[in-house]
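To start, the structure under review is shown below, and the notes come after it.
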2 protein chains.
Amino acid sequence: MLFESYSSFAKTHKDLLEEKLRVSVNKLVAPSVIKEAMLYSLEAGGKRIRPLLTFATLFSFGEDTRKGLMVAAAIEMIHTYSLIHDDLPSMDNDDLRRGKLTNHKVFGDAFAILAGDALLTYSFQLIAEIPDEYADASTKLALIKELSKASGAEGMVGGQVADIAGEEKELSLNDLEYIHVHKTGKLLECSVVSGAILAGADEEKIQLLAQFAYHLGLAFQIRDDILDLEGVEEVIGKRVGSDEVNNKGTYPSLLTLDGAKEALHQHIEQAKTQLRKTGLNISLLEEITDLIETRDH
Amino acid sequence: MLFESYSSFAKTHKDLLEEKLRVSVNKLVAPSVIKEAMLYSLEAGGKRIRPLLTFATLFSFGEDTRKGLMVAAAIEMIHTYSLIHDDLPSMDNDDLRRGKLTNHKVFGDAFAILAGDALLTYSFQLIAEIPDEYADASTKLALIKELSKASGAEGMVGGQVADIAGEEKELSLNDLEYIHVHKTGKLLECSVVSGAILAGADEEKIQLLAQFAYHLGLAFQIRDDILDLEGVEEVIGKRVGSDEVNNKGTYPSLLTLDGAKEALHQHIEQAKTQLRKTGLNISLLEEITDLIETRDH
């Protein structure tokens, strides 16, 4: 596929993804309340940055981006389940997300936990069901291994554990980096690497793209921390300055605001450097990288 | 392998399984508290009925039972995560399980939720990592599909949802059967079918074994309900009569105690009838079936 602009690429693929999420949940033979709870959070919007990374990576290899649809949906389900569980009263206890009531405020804690469990479980099934013309069996297994490592105890769950455990202490920059690399970075990396695996990339390219995603993930989080200080509440959808109120360790609190901006820029540059080494058609991935540096929500 | 008796088979394979669970969690590169929380519940004992079904099914085909070790560990992780989440205050709110404090009473609700998430996620990785000499890539994918369907919205999670939704109404026998077939039956069926898939069974044998497991699962649950009325507290590890106190729909409440015993016996007989049609070496599976009819905990 050719795209006139990044925004037409993003629009086309967000629509494809959202249709796939809707159809995948609707076809489940299950009590309607669990399907409603799953869809409620899947359809709550969001930047869909992870799926777009998978599609853009496939594009960079000159591959049919539709190859990535199932794994993109799977990764978005994992991301969504993690938000549902993170928002629970026993975790972050958030009532609102993106201006909407959180899952447990609508469906109750029990169904929110179960909706998260169901999304997590379904994500692996989706990958196992990728059409054979898009991936052979060993490719699907490689994707499943990537996703389980990225989202489990060695990845996202481990990062969330470290985040909670870290609430009671003064965080070092190393602690903060561990949390973000695991809590958000690993799944972003998985989004990129999954696209590369589907494209049949060699180990060298996969490593370069993983490095790209590592820096992109840290940039993403530093930008998040800066927005918490400088963002416009109506745009970011949550209270400005909430990190400081909650006494959360952030890049600006450890590096000063200017230092955090400098670190953001450094990671963006390093991300692009890795990208350029791949020799791929990186235009879309570069646009996503620029958007992450400058995003206002 | 040959076994002198069912009990030597069970002992050998429980030991193998428990070693595999321990090693698998210990080798994770993750914050120690999440590994401790995962192991706490994995090592809380239990009958290990699901793994034993997988091993006994492989035995019935004359296969090396060690082929089933990874999938048995995966299924036990899924079972364990479901217990951790079910015990949470927002679900069944249980403080004790098998005489030990429940996971969230020891680690707190947040880490209990995350330990469950990590176990669920890891189970799919374990199957993807089955050694190639035991299963080719498409066999592993078939196992992953089975497990995700059995444990997700169309299986165990769906059953738990129906169970919670049913707490406020008078259950019919159909409602009760839906709950149990999904909440416990699907994962038991998956344990048997996974053994058959690993043995390279044809569709006809898989269907017979699935039918066997369907009846076994219902028998298992009816026996549970009977034990709640007739069991010895010290042996079953929970208060006798708790279902009645909690006004839970049970087989004895719908069928009378004698009716429930008759239904139990019918399902046991039907389970054995299906087994015999397979033409396999069913001795171990028959012993498990008999134990389920007569078990006292």
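Please go through segment A:78-144 and write out the trypsin sites (Lys or Arg not before Pro) that DSSP classes as loop and that have at most 15 other C-beta atoms within 10 Å. Listed in order of number, the matching sites are A:98. Counting Cβ atoms of other protein chains within 10 Å of each residue's Cβ and taking the mean over peptide A:134-140 gives 3. Averaged over peptide A:30-42, the number of partner chain Cβ atoms lying within 10 Å of each residue's Cβ comes to 3.
Each of the peptides B:116-126, B:65-75 was scored by the mean count of other Cβ atoms within 10 Å over its residues; in descending order, highest first, they stand as B:116-126, B:65-75.
Peptides B:284-291, A:192-199, A:20-27 ranked from most to least packed give A:192-199, B:284-291, A:20-27, packing being the mean of other C-beta atoms within 10 angstrom over each peptide's residues. Cα centroid separation, segment B:102-126 to segment A:182-198: 23 Å.
Remark: the Cα gyration tensor places segment B:6-294 in the oblate category, a/c being 1.5 or greater and a/b not exceeding b/c. Here is how far apart the residue B:32 label points are across copies: 5.1 nm, shortest first, using a point 7 Å from Cα toward Cβ. Sorted from nearest, the other copies put their residue A:286 label points 7.3 nm away, the label point being 7 Å from Cα in the direction of Cβ.
Of interest is the spacing of the C-alpha centroids, which for segment B:139-174 and segment B:15-48 amounts to 25 Å. Between the beta carbons of residue B:105 and residue A:297, assuming R0 = 41 Å, the FRET efficiency works out to 0.55 to the nearest 0.05. Residue A:259 label point (Cα plus 7 Å toward Cβ) to equivalent points in the other copies: 7.3 nm, shortest first. Stretching the chain fully between residue B:265 and residue B:248 yields a gain of 3.9 nm (0.36 nm per residue, less the alpha carbon separation).
Taking the average, over residues, of other Cβ atoms within 10 Å as the packing measure, peptides A:107-115, B:33-41, B:162-170, A:32-40 rank A:107-115, B:33-41, A:32-40, B:162-170 from highest down.
Rule-based calculations on the coordinates, nothing more; no lab input. This structure is a prediction, so every number in the text was calculated from the model and none was measured. Here the Cβ is made from the backbone with ideal geometry for all residues, glycine too, and neighbour counts use every protein chain on show.
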